[in-house]
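Novice: Mind having a look at this structure? Questions to follow.
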Amino acid sequence: MTNRVQELRLARGWTQARLAEELDVSRQTIYAIESGRFDPSLPLAFRIARCFGLAIEEVFMPG
Amino acid sequence: MTRISRADAWADLRRMFRLRSWLAGWVVVLCFGVAWWQLRQPGLAPEARLIWLLIPLPAVAWAVREQIVHHRQLDEFHRTVNARAAEITWPLTIGWLAFVALLATAFGFPVTIPGPFGLPPDELGWMEVLFVPLLLHMVTFVLVHKRLSGQR
């Protein structure tokens, strides 16, 4: 699975720590998701999409 | 490659580490150690023997409770790391204990495992039985964490 988390985060000028705080997860989670090493669960993926104000399929794409 | 700030590194550590869970683990090791030491004393009364046998139980119960609390506080990434580390370490731990049991069967109890740090086998050799699985888990956790997160 690929994602646009880093692109969307940088577009908002947020740090990984800021996004992690918004989502109530660790900064390492954000790094692992952005680098494609870790696929988030469906609830977290929805939270990430909601955080950016987008639909889940606009943030996560099948790799 | 961007360097993470010291504040972020501390925040990462605070999320992963919980002092009470860590302390509870060491209290269990201490209780087992003291109980083991006491049970080796010759001429120990049966009542005292029973008490020393039961002493580690509340410590284990407390440690389990603290671990559950800690696990619930982790985010899903760290739960995944823990689960993957456990997938590797449990078979290794069981293998290690089975090997010790085999040695014990072959050579009788207690197995004269050489003690750590050059200590005589009859004194602290069993500590290795406890510490090897602990060490296995720690090393595996670090390796799995590095592989999943790229350690950043």
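Novice: Is at least one residue of segment A:44-58 out of contact with any Pro (no Cβ under 8 Å at 6 or more places or on another chain), facing chain B (nearest Cβ under 8 Å) and either surrounded by 12 or more Cβ atoms within 10 Å (Cβ to Cβ) or within 14 Å of residue B:75 (Cα to Cα) (or both)?
Specialist: Scanning segment A:44-58 turns up at least one residue that is out of contact with any Pro (no Cβ under 8 Å at 6 or more places or on another chain), facing chain B (nearest Cβ under 8 Å) and either surrounded by 12 or more Cβ atoms within 10 Å (Cβ to Cβ) or within 14 Å of residue B:75 (Cα to Cα) (or both).
Novice: Quick check on residue A:15: is it within 25 Å of residue B:147 (Cα to Cα) and out of contact with any helix residue (DSSP H, G or I) (no Cβ under 7 Å at 6 or more places or on another chain)? Break it down stepwise before answering.
Specialist: Working: within 25 Å of residue B:147 (Cα to Cα): yes; out of contact with any helix residue (DSSP H, G or I) (no Cβ under 7 Å at 6 or more places or on another chain): yes.
Taking the combined requirement at face value, the residue satisfies it.
Novice: Restrict the check to segment A:3-23 and report whether at least one residue is of a type in the set (Phe, Trp, Tyr), under 10 Å from the mean Cα position of the chain (by Cα) and within 28 Å of residue B:13 (Cβ to Cβ).
Specialist: Kept after step one, since they are of a type in the set (Phe, Trp, Tyr), are these residues of segment A:3-23: A:14.
Imposing the further condition that a residue be under 10 Å from the mean Cα position of the chain (by Cα) reduces the set to none.
No, that holds for no residue.
Okay, residues lined up against (1) touching a residue at least 12 places away in the same chain (Cβ under 8 Å); (2) polar (S, T, N, Q); (3) out of contact with any helix residue (DSSP H, G or I) (no Cβ under 8 Å at 6 or more places or on another chain); (4) farther than 20 Å from residue B:136 by Cα:
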residue: B:44; (1), (2), (3), (4): no, no, no, yes
residue: B:57; (1), (2), (3), (4): no, no, yes, yes
residue: B:62; (1), (2), (3), (4): yes, no, no, yes
residue: B:69; (1), (2), (3), (4): yes, no, no, yes
residue: B:76; (1), (2), (3), (4): no, no, no, yes
residue: B:101; (1), (2), (3), (4): no, no, yes, no
residue: B:104; (1), (2), (3), (4): no, no, yes, yes
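Novice: Let me ask something else about it. Restricting segment B:3-21 to residues that are in contact with an Asp or Glu (Cβ under 9 Å, 6 or more places away or on another chain) and at pLDDT 80 or above, which is farthest from the other protein chains (Cβ to nearest Cβ)?
Specialist: Applying the filter and picking the extreme gives B:20.
Novice: Looking only at segment A:29-43, which residues are polar (S, T, N, Q) and either touching a Phe, Trp or Tyr at 6+ places or on another chain (Cβ under 6 Å) or more than 7 Å from every other protein chain (Cβ to nearest Cβ) (or both)? Reasoning before the result, please.
Specialist: The initial filter retains those residues of segment A:29-43 that are polar (S, T, N, Q), namely A:29, A:35, A:41.
Passing the criteria: only A:29.
Novice: In the set B:49, B:65, B:84, which member is in a helix (DSSP H, G or I) and within 14 Å of chain A (Cβ to nearest Cβ)? Give the steps one after another, and end with the answer.
Specialist: On the way: B:49 fails: within 14 Å of chain A (Cβ to nearest Cβ); B:65 fails: within 14 Å of chain A (Cβ to nearest Cβ).
Matching residue, one of B:49, B:65, B:84: B:84.
The values are calculated or read from the model by the stated rules, or taken from the named source; none is laboratory data. Note that the structure is predicted; figures quoted are calculated from it, not measured. Backbone-built Cβ (ideal geometry, glycine too); neighbour counts: all protein chains shown.
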